[in-house]
Structure formats: C-alpha cells, structure tokens
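What follows is one structure encoded as structure tokens, with my remarks underneath.
The values are calculated or read from the model by the stated rules, or taken from the named source; none is laboratory data. Since the structure is predicted, the reported quantities are computational estimates derived from the model, not experimental observations. Here Cβ is always computed from backbone atoms with ideal geometry, including for glycine, and neighbour counts include all displayed protein chains.
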Amino acid sequence: MVRLFYYLSILNVFDAIITFIGLELSLIQEMNPIMNHIYQTNPVLFLLIKFTLSFCLYLFIILKKVPKSTSSRILTYFASGFYTIIFFVHCFWISTVFVNTY
C-alpha cells in the first residue's frame, strides 16, 4: 500500500503539470467540475490544491498511517488504475494536438 501511495502522489504531481500545460495552451478541458471551477478562478490555486493532495498522501507515508483495511486497499487500487488511465488520456490528447499543430 505504501508503494501505491507513493505512486498516486507522484502521478498526481505529473498529472497536475500536464493538465495545467494542456489547459493553459487550450489543448484540453478539465472535466472535473470542481477542479475546472478552481482553475477558472485561479490557475495557481489549481496547482496548489493538486500539490497539496500529493503532500497529504506523503504525510500518510511519513507518519506511518497508511490504511491497511481491505476497503482502503480496494479503493487505492481502483484510484491508481483510474488515475493512470486519466493521466495517459491527457498525455495522448496533448501529444496529438501538439503533433498536429507543429
């Protein structure tokens, strides 16, 4: 589980950067209505929230409080899989638009 928390926190940072670049260049749209509203209000706040979420995952690791229950494990695996798909979709969209533009 600790490795998955590391993975999710690192993936979240990369996704924040990729998403921010895609949004700034108008290559993608943020589909999460809450994060879209935050981005529209203040793009720096968008990044700050994403980075804070990653830091919170690291705190679980540092404080040795990573949940070990079955339900936590299932949720963490699901979140990892789903977030991996979203990250690669963002990368694909951006690379496709970028290649077609330049």
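The number of residues in the stretch 49-102 that are β-branched (Val, Ile, Thr) and either on the phi > 0 side of the Ramachandran plot or in contact with an Asp or Glu (Cβ under 9 Å, 6 or more places away or on another chain) (or both) comes to 1.
Each residue in the stretch 1-42 was checked for being over 13 Å from Ser54 (Cα atoms), in a helix (DSSP H, G or I) and not hydrophobic (A, V, I, L, M, F, W, C), and 10 pass. Here Tyr58 clears all of (1) under 12 Å from the mean Cα position of the chain (by Cα); (2) modelled with pLDDT under 95; (3) hydroxyl-bearing (Ser, Thr, Tyr) except the condition numbered (1).
Out of the stretch 9-20, which residues are among the aliphatic types (A, V, I, L, M) and either farther than 23 Å from Ser69 by Cα or more than 8 Å from the chain's Cα centre (by Cα) (or both)? Answer for the stretch 9-20, where residues must be among the aliphatic types (A, V, I, L, M) and either farther than 23 Å from Ser69 by Cα or more than 8 Å from the chain's Cα centre (by Cα) (or both): Ile10, Val13, Ala16, Ile17, Ile18. Considering the stretch 61-102, and only residues there that are under 17 Å from the mean Cα position of the chain (by Cα), touching a residue at least 24 places away in the same chain (Cβ under 8 Å) and more than 16 Å from Asp15 (Cα to Cα), the residue that is surrounded by the most Cβ atoms within 10 Å (Cβ to Cβ) turns out to be Thr76. Scan the stretch 72-89 and tell me whether some residue there is farther than 23 Å from Val2 by Cβ and either out of contact with any strand residue (DSSP E or B) (no Cβ under 7 Å at 6 or more places or on another chain) or among the aromatic types (Phe, Trp, Tyr) (or both). Yes, because at least one residue in the stretch 72-89 is farther than 23 Å from Val2 by Cβ and either out of contact with any strand residue (DSSP E or B) (no Cβ under 7 Å at 6 or more places or on another chain) or among the aromatic types (Phe, Trp, Tyr) (or both). Of the residues making up the stretch 26-57, those that are touching a residue at least 12 places away in the same chain (Cβ under 8 Å), loosely packed, with under 15 Cβ neighbours inside 10 Å and either basic (Lys, Arg) or in contact with a Phe, Trp or Tyr (Cβ under 9 Å, 6 or more places away or on another chain) (or both) number 1.
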